[in-house]
Amino acid sequence: MSYTIKDEIHRKIDLKRNELTRKQIKNQLSRNGYGKYTSIETEMVVSKAFMTLSGTCKTVLLLFLLKRKLKFKKGQTPICINPDKICMTYKELTSAPFDLHPEQVRRSIKTLLERGFIKIVHQGGAYQKDKTIYGVSDNWCMWEAGRDFSPKKKDVKRGYQGKGLGAVKTISTHKKVSHTRTRKSEPKR
């Protein structure tokens, strides 16, 4: 059996890679605020919004649900203590044990916002310590194809756009002109 350079490189990479033990993963999750248990409603799992989610989106949604602090009482449905105080950073999703790609994280959070599973309570990003605070939402019940609960405002009018002044106001003066090259040729008689 002959080894190639590629096989040797993969072997060295595998030796350097430290697999996290179960205890290390558990400690890291508890440091980041993940709870020991979570509760998922059956209605959420069988909803149209949940069925359209990709695998990564479902993983991120479960991580959001694990961040909730629930008060369990025997014989009652669990009560969420912090529905509008969930802090989920890109750094914790892109590092071990999840190792998601930053673009996957961005897309899945955007999809969860559009489908109505989460909402933005406080938009972070002004400086490094200012984190985005999310809240769990029940808008997923009302979601249908073509209806999104996007947090971005559409058609924001800035400057002269709202007043119809300046270069923004356009009047359609373009006449329909047919060119000989673009015209369909008529059959010869």
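The values are calculated or read from the model by the stated rules, or taken from the named source; none is laboratory data. These figures come from a predicted structure and were not determined experimentally. Every residue, glycine as well, gets a Cβ built from its backbone with ideal geometry; the counts of neighbours run over all protein chains shown. Each accessible area value is taken on the protein alone, full model and side chains, heavy atoms only, with ligands, DNA and RNA left out. Shrake-Rupley method; radii C 1.70, N 1.55, O 1.52, S 1.80 Å.
Please verify whether Ala96 is outside any strand (DSSP E or B) and open to solvent by 40 Å² or more (accessible area, probe 1.4 Å), treating the condition exactly as stated. Working first, answer last.
Values: outside any strand (DSSP E or B): yes; open to solvent by 40 Å² or more (accessible area, probe 1.4 Å): no.
Spelling it out, it is not the case that Ala96 is outside any strand (DSSP E or B) and open to solvent by 40 Å² or more (accessible area, probe 1.4 Å).
Quick one: which residue in Thr52, Thr59 is of a type in the set (S, T, N, Q) and under 18 Å from Tyr134 (Cα atoms)?
Details: Thr52 fails: under 18 Å from Tyr134 (Cα atoms).
Every option except Thr59 fails the conditions.
For Thr56, state whether it is under 29 Å from Asp148 (Cα atoms), in a helix (DSSP H, G or I) and β-branched (Val, Ile, Thr). Working first, answer last.
On the way: under 29 Å from Asp148 (Cα atoms): yes; in a helix (DSSP H, G or I): yes; β-branched (Val, Ile, Thr): yes.
Taking the combined requirement at face value, the residue satisfies it.
Taking segment 69-93, which residues are of a type in the set (A, V, I, L, M), part of a loop (DSSP other than H, G, I, E, B) and open to solvent by 50 Å² or more (accessible area, probe 1.4 Å)? Step through it out loud before you land on a result.
Pass one, segment 69-93, residues of a type in the set (A, V, I, L, M): 70, 79, 81, 86, 88, 93.
If we keep only those that are part of a loop (DSSP other than H, G, I, E, B) as well, we get 81, 88.
Result: Ile81, single match.
Looking at segment 99-108, which of the residues that are more than 10 Å from Val60 (Cα to Cα) and in a loop (DSSP other than H, G, I, E, B) is farthest from the chain's Cα centre (by Cα)?
So, considering only residues that are more than 10 Å from Val60 (Cα to Cα) and in a loop (DSSP other than H, G, I, E, B), the one farthest from the chain's Cα centre (by Cα) is Asp99.
Starting from residues that are closer than 15 Å to Arg147 by Cβ and in contact (Cβ under 8 Å) with a residue 40 or more places away in the chain, keep the ones in segment 113-125 and report whichever is surrounded by the most Cβ atoms within 10 Å (Cβ to Cβ).
So, considering only residues that are closer than 15 Å to Arg147 by Cβ and in contact (Cβ under 8 Å) with a residue 40 or more places away in the chain, the one surrounded by the most Cβ atoms within 10 Å (Cβ to Cβ) is Phe117.
Could you give me the residue pairs with C-beta distances under 7 Å whose first residue belongs to segment 73-94 and is closer than 23 Å to Glu41 by Cβ, whose second residue is open to solvent by 50 Å² or more (accessible area, probe 1.4 Å) and outside any loop (DSSP other than H, G, I, E, B) wherever it lies, and which are 6+ apart or on separate chains?
Pairs that qualify, where the first residue is closer than 23 Å to Glu41 by Cβ and the partner is open to solvent by 50 Å² or more (accessible area, probe 1.4 Å) and outside any loop (DSSP other than H, G, I, E, B), are Pro78/Lys71; Ile79/Lys71; Ile81/Lys71; Asp84/Val121.
Among the residues that make up segment 97-119, is at least one of them within 14 Å of Tyr34 (Cβ to Cβ) and of a type outside the set (Asp, Glu)?
Initial filter on segment 97-119 (within 14 Å of Tyr34 (Cβ to Cβ)): 97-98.
Those left that are additionally of a type outside the set (Asp, Glu): 97-98.
Within segment 97-119, one or more residues are within 14 Å of Tyr34 (Cβ to Cβ) and of a type outside the set (Asp, Glu).
Which of the residues spanning segment 28-64 are of a type in the set (S, T, N, Q) and either exposed (fewer than 11 other Cβ atoms within 10 Å of the Cβ) or touching a residue at least 24 places away in the same chain (Cβ under 8 Å) (or both)?
Filtering segment 28-64 down to residues of a type in the set (S, T, N, Q) leaves 28, 30, 32, 38-39, 42, 47, 52, 54, 56, 59.
Once the filter is applied, which keeps residues that are of a type in the set (S, T, N, Q) and either exposed (fewer than 11 other Cβ atoms within 10 Å of the Cβ) or touching a residue at least 24 places away in the same chain (Cβ under 8 Å) (or both), segment 28-64 yields Gln28, Asn32, Thr38, Ser39, Thr42, Ser47, Thr52, Ser54, Thr56, Thr59.
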